[in-house]
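See structure below.
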């Protein structure tokens with residue numbers, strides 16, 4: 001059974017996934033959203049970005065970083081036992 005990865009690892013993997021989308025989506029949508037008010041252009045971007053992140057990008061990024069997010073059990077056990085402080 002996998003335990004959850006540390007939040008800092010989750011944050012790094014999320015940033016790796018979201019950075020290209022946040023950088024490229026406004027550029028790609030500019031021809032369509034050019035005449036729209038800023039709030040509506042942002043809403044259109046979010047409406048496309050969120051499903052992409054949820055069902056396309058993050059599953060792939062998580063799969064790519066799985067060995068780092070969820071290290072093998074033997075390695076984790078060895079690390080935990082070396083960090084225990086005998087009382």
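Okay, here's what the table says:
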item	result
Among (1) at pLDDT 95 or above; (2) touching a helix residue (DSSP H, G or I) at 6+ places or on another chain (Cβ under 8 Å) - the single one residue 26 does not satisfy	(1)
Yes/no for residue 36 being surrounded by 11 or more Cβ atoms within 10 Å (Cβ to Cβ), more than 17 Å from the chain's Cα centre (by Cα), in a helix (DSSP H, G or I) and at pLDDT 95 or above	no
Verdict on residue 10 being under 17 Å from the mean Cα position of the chain (by Cα) and surrounded by 14 or more Cβ atoms within 10 Å (Cβ to Cβ)	yes
Test: residue in segment 45-54 that is in contact with a helix residue (DSSP H, G or I) (Cβ under 6 Å, 6 or more places away or on another chain), part of a helix (DSSP H, G or I) and at pLDDT below 95	yes
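The values are calculated or read from the model by the stated rules, or taken from the named source; none is laboratory data. Quantities reported herein were computed from a predicted structural model and do not represent experimental measurements. Here Cβ is always computed from backbone atoms with ideal geometry, including for glycine, and neighbour counts include all displayed protein chains.
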